[in-house]
Amino acid sequence: MDKAKEQRAGRDLIVSSAHLALGSSPALSELEYGSILFSHAFNRWIVRCMAAAGVPSLSPIEILIIHSVRHRDRPKTLSDLCLVLDIEDTHVANYAVKKLDAAGLVNTGKSGKEKVIQVTDRGLEALARYSEIRERLLVEATKVSGLSQDDLSGIASHLRALSGYYEQAARSAATL
């Protein structure tokens, strides 16, 4: 790539790795940097929101799991959680469930041979506080951004599609 194009790519885009922005899709590098910032900010947000809700010291994965267990008010299996949250290592999810159980936020039982997890009353109270804080601090802030509910749904749809492309590329890269 010529020096002028390299300088334009560095000036016009906000990326973490300018060498990747020199390829045929510099905007993808910009998206990747935005994804890095977003994922870190999201993880920080959910941890601090849960702490403000009265449950400090949970990791992002533990918070995602308790939200998933609460989803639709039905007990979940470990395999359900791993599938929905795209967790490859079931030991990670199992450890998180044990920590949530020890904190009294979920309880576990058996349904046939499978472990099932459900939210306790203490967990429901924490999630209700989390939801109130989220509404007050995050939802209100996004409303003033000018993004409509349709805009946010469109972004979410694109992110899910992009995650599929990255998954397929990861599988392909594993065969190289």
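The values are calculated or read from the model by the stated rules, or taken from the named source; none is laboratory data. As the structure is a prediction and not an experimental result, all values here were calculated from the model. With ideal geometry, Cβ positions are generated from the backbone for all residues, glycine too; neighbour counts draw on all protein chains shown. Each accessible area value is taken on the protein alone, full model and side chains, heavy atoms only, with ligands, DNA and RNA left out. Shrake-Rupley method; radii C 1.70, N 1.55, O 1.52, S 1.80 Å.
For the stretch 57-87, which positions are farther than 18 Å from ARG122 by Cβ, in a helix (DSSP H, G or I) and not hydrophobic (A, V, I, L, M, F, W, C)?
PRO60, ARG72, SER79, ASP80, listed by residue number.
Within the stretch 66-83, track down each residue that is surrounded by 14 or more Cβ atoms within 10 Å (Cβ to Cβ) and touching a strand residue (DSSP E or B) at 6+ places or on another chain (Cβ under 8 Å).
ILE66, SER68, VAL69, ARG70, PRO75, LYS76, THR77, LEU78, LEU81
Within the stretch 88-123, track down each residue that is in contact with a helix residue (DSSP H, G or I) (Cβ under 7 Å, 6 or more places away or on another chain), among the hydrophobic types (A, V, I, L, M, F, W, C) and in a helix (DSSP H, G or I).
Answer for the stretch 88-123, where residues must be in contact with a helix residue (DSSP H, G or I) (Cβ under 7 Å, 6 or more places away or on another chain), among the hydrophobic types (A, V, I, L, M, F, W, C) and in a helix (DSSP H, G or I): VAL92, ALA93, ALA96, VAL97, LEU100.
For the subset of the stretch 16-56 comprising residues that are without any contact (Cβ under 8 Å) to a residue 24 or more places away in the chain and not in a helix (DSSP H, G or I), which member is nearest to THR120 (Cα to Cα)?
Ranking the candidates gives PRO56 first.
Are any residues in the stretch 153-167 open to solvent by 90 Å² or more (accessible area, probe 1.4 Å) and either of a type in the set (Val, Ile, Thr) or within 19 Å of VAL84 (Cβ to Cβ) (or both), and if so, which ones?
ARG160, TYR166
Of all residues in the stretch 50-69, count the ones that are more than 17 Å from VAL92 (Cβ to Cβ) and under 15 Å from the mean Cα position of the chain (by Cα).
1
Given THR77, THR90, which one is in contact with a Cys (Cβ under 6 Å, 6 or more places away or on another chain) and modelled with pLDDT of 90 or more?
Criteria check complete, one pass: THR90.
For the stretch 117-146, how many residues meet the condition of being touching a residue at least 60 places away in the same chain (Cβ under 8 Å) and of a type in the set (A, V, I, L, M, F, W, C)?
5
May I ask you to list the residues in the stretch 135-152 that are exposed (fewer than 10 other Cβ atoms within 10 Å of the Cβ) and either among the small types (Gly, Ala, Ser) or assigned to a helix (DSSP H, G or I) (or both)?
ALA141, SER145, GLY146, GLN149, ASP150
Would you please name the residue that is farthest from the chain's Cα centre (by Cα), looking only at residues in the stretch 110-140 that are at pLDDT below 95 and within 20 Å of LYS99 (Cα to Cα)?
LYS110
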